[in-house]
Structure formats: structure tokens, C-alpha cells
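Chemist: Below: one structure in C-alpha cells.
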Amino acid sequence: MEFLSALPGTVAQGLIWGIMAIGVYITYKILDIADLTVDGSICTGAAVCTMLIVNGSPVWLAMLLATLAGVLAGMLTGALHILLGIPAILSGILTQLILWSVNLKIMGKANQALSARKYDVLLSQMEIGPALVVLALCVVLLVVLLYLFFGTELGAGIRATGINPAMSRAQGIHTDVTKLIGLALSNGIVAFAGALLCQYQGYSDISMGRGAVVIGLAAVVIGEAVISKLPQNFALRLSGVIIGAVIYYIVYQIIVLIGLDTDLLKMFSAIVVAVFLGIPYLKGKVVARFGIRKGGKKNA
């Protein structure tokens, strides 16, 4: 009964972090870039949204500007990578460090309250029913918009860049531009998730994004495992990421209820991600070692 009573809130958190995980999916799976900016940009979105609402801005404007702040963070990572030739993973780390100081300056302190009783917010954990409806609408709208965008010429160019940059350049695609747009789009979505998260939990905190990359990757690999047997299309893969995040938080809630040490959850998440990412490599090694092929024995 305790699990069932906590389930709506667990699903709500899963939906919010699922939106964040879609941002991770864009860089990791589509662009083939390990972007660590998200640990900072989710907090940037939350900080900007919180401070604007506290200072009297409408919630829609606060969320829009929070998303744009995430876009700028992604563009900074792209600029460090493209203009200065810094490896993508290191560019993300540098931007993340910059955002730590920026986020502190935005909030003026390590955390900032955002009470739903005092300010007009879009959703709150105190009203879980309406919050679930709002989050479900956000998820559906985001999946539809991304599905349409990646079906355009620009979206196809971003996908091609992640698959084969050299061939993309040979086809006339400006891969530097597509990388920049992909990073900006990814972190904009992550910051949007941060704007939702601060409203839902009632505060923003400088450490709220710590480990976001691990959660995002866990959602991606869990989602891929869930939909692996289904007919594949882009919208389904995005939906799988959301499902993976919800499952992740359901598992987290079960761990809390049975009394296991929640301090170890991120370690377990990292192990799960490592196992799922390592399976294809190990499978390839086994195939190469023993000559296993589909359709019969070796040289059959």
C-alpha cells in the first residue's frame, strides 16, 4: 500500500527525468558525443526558472528563458569543441564547471525555495494529479516535435553527422553547424526539464544536477532493452527513453521502501549502464573468438 501511494509521485519524477534523458539521448545516441554539460545545464534551467518566478515573471516566460539558458550552455560546449578543438567530453566538463559558478550567481546562494503556495507554478508535488497531466502533455508534445524536427533536412543532417561525419561532409553537410545545433537542442531540453523539476519539488539547488548523466544513460539503456523486440522507429525510441526513466525511479522507490542504502543507487546505476554498454563489445569478442555466425556453424 505504501508503494502504491508513492507511485504517482514516482512516475512524475520519472517523467521529468525522462525529459532530461531525451536530451542525453540526442547527444549520446544521435550525435555520438559524450556530453557532460547536462549535469550543469539542468541546474541552470532550474535556477533561471526559480529566480524569474520568485521575482514576478509569468511561469511560461520563466520556462522559456530557462530553456534558452540551456541552449546557450550547449552552444558554449559546442564552441569550445568546434572553435578551439577541445575534445567534446572535456568541453562538457569545462562548461559544467563554468555553470557551477553561474548557477550560484543566478540564485545568490546554494538553494532557493519556490513554494507553490506562494507563487504561481505550472505543477507541484502537492497536487500530484494535475502535475501528472501536465507532465504527460509535455512528454507527448516533446516527442511529437522532435519526431517532426528530425524528419526535416536539418534533423536528418544532425543524424547523419552522428552516424558518419566524413561522409556527411562529403555530401555537403556542415558538420560543425549540426553538432552545435544538436548540443544546443540537447541542453535546451535538459534545462526545460530543470525548469519543471524546480517547480515540482519546490526549490532549486546547486547540486540537483549531480549524477544527471548517469540517470540519463540508465534511462536510455533501460528504455532500449524494453523496446528492443518492438518495431523500431524514432518516436518509439524517444518514448522508450521516457519509459526507462520511469522504471529507474520505480526501482529507486522500491529500494527506499525495502530499506536498502539509497547512497549506493548511483553506483548500481553506473554498473547497470556499464554492463549494458559493454555487452555489445563482449558479444563481438565472443563472435570473433569462436567464429559464431547467424545461420549455422562457421564455414557451413
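Chemist: What residue, of Ser91, Ser101, is closer than 26 Å to Cys49 by Cα and crowded, with 19+ Cβ neighbours inside 10 Å?
Modeler: Of Ser91, Ser101, the one residue that is closer than 26 Å to Cys49 by Cα and crowded, with 19+ Cβ neighbours inside 10 Å is Ser91.
Chemist: Restricted to segment 16-58, and to residues that are open to solvent by 20 Å² or more (accessible area, probe 1.4 Å) and among the aliphatic types (A, V, I, L, M), which residue is modelled with the lowest pLDDT?
Modeler: Only one residue fits best here, namely Ala34.
Chemist: Scan segment 276-290 residue by residue and report those that are open to solvent by 80 Å² or more (accessible area, probe 1.4 Å) and farther than 17 Å from Ile247 by Cα.
Modeler: Ile279, Pro280, Tyr281, Leu282, Lys283, Lys285, Ala288, Arg289, Phe290
Chemist: Let me ask you something else. Go through (1) at pLDDT 90 or above; (2) at positive phi; (3) of a type outside the set (D, E, K, R) and name the single condition Ile181 misses.
Modeler: The single condition Ile181 does not satisfy is (2).
Chemist: Could I ask something else about it? Evaluate segment 219-226: report whether one residue or more is modelled with pLDDT under 80, over 24 Å from Leu148 (Cα atoms) and surrounded by 15 or more Cβ atoms within 10 Å (Cβ to Cβ).
Modeler: No: zero hits.
Chemist: If Met267 satisfies all but one of (1) open to solvent by 90 Å² or more (accessible area, probe 1.4 Å); (2) under 28 Å from the mean Cα position of the chain (by Cα); (3) aliphatic (A, V, I, L, M); (4) modelled with pLDDT under 75, what's the number of the condition it fails?
Modeler: For Met267, the failing item is (4).
Chemist: Can we say Arg210 is within 23 Å of Arg159 (Cβ to Cβ), open to solvent by 70 Å² or more (accessible area, probe 1.4 Å) and among the basic types (Lys, Arg)?
Modeler: So Arg210 does not fit the description; no.
Chemist: Among the helices (runs of 4 or more DSSP H) confined wholly to segment 155-240, which include 2 or more residues that are more than 18 Å from Ala21 (Cα to Cα)?
Modeler: Hits in segment 155-240: 165-170, 175-201.
Chemist: Let me ask something else. Check off (1) open to solvent by 50 Å² or more (accessible area, probe 1.4 Å); (2) modelled with pLDDT of 90 or more; (3) under 27 Å from Gly129 (Cβ atoms) for Leu257 and give me the number that stays unchecked.
Modeler: Going through the list (1) open to solvent by 50 Å² or more (accessible area, probe 1.4 Å); (2) modelled with pLDDT of 90 or more; (3) under 27 Å from Gly129 (Cβ atoms), Leu257 breaks only (2).
Chemist: With a cut-off of at least 2 residues that are free of Cβ contacts under 8 Å to residues at least 40 places away in the same chain, name the helices (runs of 4 or more DSSP H) lying wholly within segment 1-93.
Modeler: Of the helices (runs of 4 or more DSSP H) lying wholly inside segment 1-93, those with at least 2 residues that are free of Cβ contacts under 8 Å to residues at least 40 places away in the same chain span 2-25, 59-82.
Chemist: Please count how many residues of segment 144-154 are assigned to a helix (DSSP H, G or I) and hydroxyl-bearing (Ser, Thr, Tyr).
Modeler: 1
Chemist: In addition: Under 8 Å between Cβ atoms, which residue pairs at least 6 apart in sequence (or on different chains) link something in segment 254-267 that is within 19 Å of Gly14 (Cα to Cα) and in contact (Cβ under 8 Å) with a residue 12 or more places away in the chain with a partner that is in a helix (DSSP H, G or I) and among the aromatic types (Phe, Trp, Tyr)?
Modeler: Close Cβ pairs satisfying both conditions: Ile254/Phe3; Leu257/Phe3; Leu265/Tyr252.
Chemist: Quick one: which of Phe234, Phe150, Phe192 is aromatic (Phe, Trp, Tyr) and open to solvent by less than 10 Å² (accessible area, probe 1.4 Å)?
Modeler: Checking each option against the conditions leaves just Phe150.
Chemist: Looking only at segment 64-88, which residues are surrounded by fewer than 19 Cβ atoms within 10 Å (Cβ to Cβ) and of a type outside the set (A, V, I, L, M, F, W, C)?
Modeler: Across segment 64-88, the qualifying residues are Gly85, Pro87.
Chemist: Residues being free of Cβ contacts under 8 Å to residues at least 24 places away in the same chain and either open to solvent by less than 50 Å² (accessible area, probe 1.4 Å) or part of a helix (DSSP H, G or I) (or both): count how many of those fall in segment 105-143.
Modeler: Adding up the residues that qualify gives 7.
The values are calculated or read from the model by the stated rules, or taken from the named source; none is laboratory data. Computed from a predicted model, the values in this text were never measured in an experiment. Cβ coordinates were reconstructed from backbone atoms using ideal geometry, including for glycine residues, and neighbour counts include every protein chain displayed. Note: areas computed on protein heavy atoms with side chains; ligands, DNA, RNA excluded. Shrake-Rupley method; radii C 1.70, N 1.55, O 1.52, S 1.80 Å.
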